[in-house]
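Below: one structure, written as structure tokens.
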Amino acid sequence: MRVDFYQLTRDPVAHLLPDLAERTLAGDKRMAILADDALLIDAISEALWTRKPESFLAHGVAGEEQEADQPILLMRALADGDMPPNKAGFLAIADGQWRDHCDQFERIFFPFEPGHIDAARSAWKSLKDREGVTRHYWKQDGRRWVEQG
């Protein structure tokens, strides 16, 4: 499992997720986006529709019709060990609250804003010695993302 930590210093999480979702879909993968905040889910949904006018990022919300068919599924909860209804291999944890029960994913994106830096540090440390886990840390440098060594 690959875990990518994204330290947000300039843009909110809803600004980053359309880019991650677009690259995920370009790689023929599906994504689940997890946040326990209804207002954040709404902001992410809006950003997926409007952030890049030239791209169409079809998505749905868990609990609505045809959730299993959605290439991107927004979710407020995910039970321990469960797969999302759309069988996504990639997960974005958008609310800055790490979940330890997400080992079933091929890749996890963990963007975090300054207010969640302690949670990100704890998650980074907890994953350090886990077998089969690779960690990557990305930081905003102007409009680019730079992987930190």
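Values quoted throughout were computed directly from the atomic coordinates according to the rules given, and no laboratory measurement underlies them. Every value quoted in this text rests on a predicted model; they were computed, and no experiment measured them. Cβ atoms come from the backbone with ideal geometry, glycine included; neighbour counts cover every protein chain shown.
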For the range 56-69, in residue order, the Karplus 3J(HN,Hα) values (coefficients 6.51, -1.76, 1.60; θ = phi - 60°; whole Hz; Gly and Pro = x) are 10, 10, 4, 7, x, 10, 4, x, 8, 4, 6, 4, 5, 8
Provide the gained length on full extension for the span W124 to D19, in nm with one decimal, where the gain is 0.36 nm per separating residue minus the Cα-Cα distance. 35.5 nm
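What ranking do I108, I41 get, fewest neighbouring Cβ atoms within 10 angstrom at the top? Write out the running numbers ahead of the final one.
On the way: I108 24, I41 21.
The most exposed by this proxy come first: I41, I108.
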Once you've got the GNM for the chain with C-alpha springs shorter than 10 Å, pick whichever of A21, A77, A92 has the biggest mean-square fluctuation. A77
When the dipole is taken about the Cα centre of the range 2-148, and only Lys, Arg (+1) and Asp, Glu (-1) are charged at their Cβ, what size is it in debye, to the nearest 20? 640 debye
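Taking a quarter of the surface of the convex hull around the Cα atoms of the chain, what do you get in nm²? Mind showing how you got there, number by number?
Details: hull surface 34.6 nm².
With the hull built on Cα positions only, its mean projection is 8.7 nm².
How do H101, H15 line up, fewest other C-beta atoms within 10 Å first?
On the way: H101 10, H15 15.
Arranged by neighbour count, lowest to highest, H101, H15 become H101, H15.
If you take every DSSP beta bridge whose two residues both sit in the chain, what share of them, in percent to the nearest 5, is antiparallel? The partial results should precede the final answer.
On the way: 5 of 30 bridges.
Percent antiparallel among DSSP bridges in the chain is about 15.
Based on the Cβ-Cβ distance of R144 and D36, what FRET efficiency does E = 1/(1 + (r/R0)^6) give at R0 = 41 Å, to the nearest 0.05?
On the way: r = 30 Å, r/R0 = 0.73.
Once rounded, the FRET efficiency stands at 0.85.
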